[in-house]
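Taking it in order: structure first as C-alpha cells, then the write-up.
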Amino acid sequence: MQTNLKLIVKGFQLFEQRIIETTARLSANRSPSITLLASSQVQEADIIIVDGQDADAMQWADFNAKILNSKTVIWVDRIEPLTSLKHTVLNRPVLWVNLPITVTRVLEEQALNEVLAQSNIKISNVEVPAETLASILVVDDSQAIRDYLAKTLRHSNYHVVVAKSGEEAIEEAKAQRFDCVLMDVLMPGIDGYKACREIRRIKSRDGAMPVVMLTSKTSPFDKIRGKMAGCDAYLTKPVKIETLLQTVALHAKA
C-alpha cells in the first residue's frame, strides 16, 4: 500500500470540501497521507472521488471517462451502474474525517477483487479435526474482506466469528476465548493496535489469545508498533492463502 495517495475530489458541498481539505492536511504525518490534486491532474491521481449528485462533477467524469475507467474511483450517491471493477459507491452521510481509512479500505477491496477475478484460487483444507474445531475471530471494517477471510477459514474447518470494529472485537473476546484473532489495523474508533492490547489483557486458563495482524500497513515502524501492542505475527495484505492458513494453524495450536 502506498504511503502517500494523490486524490482528486469533484463536486460536493462547501462544508464537505473544507472537511476533506482539512483531513488531507492533517494526514501529512500519517500513513497513508493524502495530497489533493487539481482536476487537470487526473492522469497523476491514485484515487478520484466524484459527487454523483453534482451535475458539473458528472459532466467532468463523462469527459474523462476513458481515464477514470483505469483509475480507482469512489462515487458518492451515484445512481447509474458502475463501469469498472476499480469503482465503488458510497452513500451519504460520509464520515470525511475518516478519509484515510476509507480510501485504504477501498484499495484493499479493489486488490481483493482483482485477485479473485484474475486467479483461479483453490482453498485447500488444513488438518483440523472436526470434533475439535479451532475458533477464529476475524476483525476488519471491510465487509468484503471479512466475508473473504471467513469463507477461506471455514473451508479449512475453522469456526469463525467476525467483528467489524475494534470495539466489537474486544466484546467478542471478553465473551469467549478464541484460538486466534485476525486483526486489521486501520479501523474507525479503536484501531487494531489498541484492540490488540486490550485483547491480550484478557486472560483465561489457556493464557492470552494469539493475535495476528493482517493489514496493508507495511513499514518497519508499523510492524514494530504491532509487536509493541502484543501481536504474535504480522501479515500484510494482500496475503497468500497458503501463508494465511499456515500462520493461523501455527498460532491456533499455541
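Here, each number is a calculation from the coordinates, and none is a lab measurement. In this text the structure is predicted, and so the values were computed from the model without any measurement. Neighbour counts run over all protein chains shown; Cβ positions are idealised from the backbone, glycine included.
Note on the chain: dipole from Cβ charges, positive end direction compared against Gly230, Ile170, Gln17; the farthest Cα belongs to Gly230. Remark: the chain carries a charge dipole of roughly 760 debye about the Cα centre, counting +1 on each Lys and Arg Cβ and -1 on each Asp and Glu Cβ.
Among Ala208, Thr243, Thr152, which residue has its Cα furthest toward the positive end of the charge dipole of the chain, with +1 on Lys/Arg Cβ and -1 on Asp/Glu Cβ? It is Ala208, whose Cα lies furthest towards the positive end.
When the Kirkwood hydrodynamic radius is evaluated over all pairs of different C-alpha atoms of segment 130-252, what value in angstrom, to one decimal, is obtained?
Values: mean 1/r = 0.0710 Å⁻¹.
For segment 130-252, inverting the mean 1/r across all distinct Cα pairs yields 14.1 Å.
The phi-based Karplus calculation (6.51 cos²θ - 1.76 cosθ + 1.60; θ = phi - 60°) puts the 3J(HN,Hα) values of segment 25-36 at 5, 6, 7, 4, 9, 10, 10, x, 8, 10, 10, 7 Hz, whole numbers, x for Gly and Pro. Only alpha carbons enter this Debye calculation for the chain, each as an equal point scatterer, and the log10 of I(q)/I(0) it gives at q = 0.09, 0.10, 0.16, 0.17 Å⁻¹ is -0.44, -0.54, -1.16, -1.26.
Quote the FRET efficiency, to the nearest 0.05, computed for Leu37 versus Lys240 with a Förster distance R0 of 45 Å and r equal to the Cβ-Cβ distance. Kindly include the intermediate steps, with their values, before the conclusion.
On the way: r = 34 Å, r/R0 = 0.75.
With R0 = 45 Å, the Cβ-Cβ based efficiency is 0.85.
For segment 4-118, state the semi-axes of the equivalent ellipsoid (square roots of 5 times the eigenvalues of the alpha-carbon gyration tensor), sorted largest first and rounded to whole angstrom. Please list the in-between numbers first.
Numbers: eigenvalues 78, 64, 37 Å².
Largest first, segment 4-118 gives 20, 18, 14 Å.
Quote to one decimal, in nm, the extra length available between Ser135 and Gln53 on full extension: 0.36 nm per residue of separation minus the C-alpha distance between them.
Numbers: separation 82, 0.36 × 82 = 29.52 nm, distance 4.47 nm.
Once the chain is fully extended between Ser135 and Gln53, it gains 25.0 nm.
When only Cα pairs under 8 Å and 6 or more residues apart are kept, what is the percent relative contact order across the chain? List each step's numbers first, then the result.
Numbers: 421 pairs, mean separation 33.0, N = 254.
Relative contact order, the chain: 13 percent.
If the elastic network links every pair of Cα atoms under 10 Å, which of Ile20, Ile170, Ile67 fluctuates the most in the Gaussian network model of the chain? Looking only at Ile20, Ile170, Ile67, the biggest GNM fluctuation is shown by Ile67. Computed from phi, the 3J(HN,Hα) profile of segment 150-161 under the Karplus parametrisation 6.51, -1.76, 1.60 (θ = phi - 60°) reads 4, 5, 4, 6, 5, 5, 9, 6, 9, 8, 10, 10 Hz, with x in place of Gly and Pro.
Neighbour counts of other C-beta atoms within 10 Å: give me Met58, Met228, Met187 arranged from fewest to most. Display every interim value, and only then the final one.
Values: Met58 18, Met228 11, Met187 27.
Lowest to highest Cβ neighbour count: Met228, Met58, Met187.
Say a site is exposed when it is one of the trypsin sites (Lys or Arg not before Pro), sits in a DSSP loop, and has at most 11 other Cβ atoms within 10 Å; what is then the longest site-free stretch of the chain? Could you put the intermediate results ahead of the total?
Numbers: sites that count: Arg30, Lys122, Lys203, Arg205, Lys240, Lys253.
That would be 31-121.
Annotation: the residues Phe221, Phe12, sorted from fewest to most other C-beta atoms within 10 Å of their own C-beta, follow the order Phe221, Phe12. Counting other Cβ atoms within 10 Å as a rough exposure proxy, the listed residues Cys196, Cys180 run Cys180, Cys196 from fewest neighbours to most.
Close amide H contacts of Ser165 (hydrogens built in the peptide plane, cut-off under 5 Å, sequence separation of 5 or more or a different chain): Asp140.
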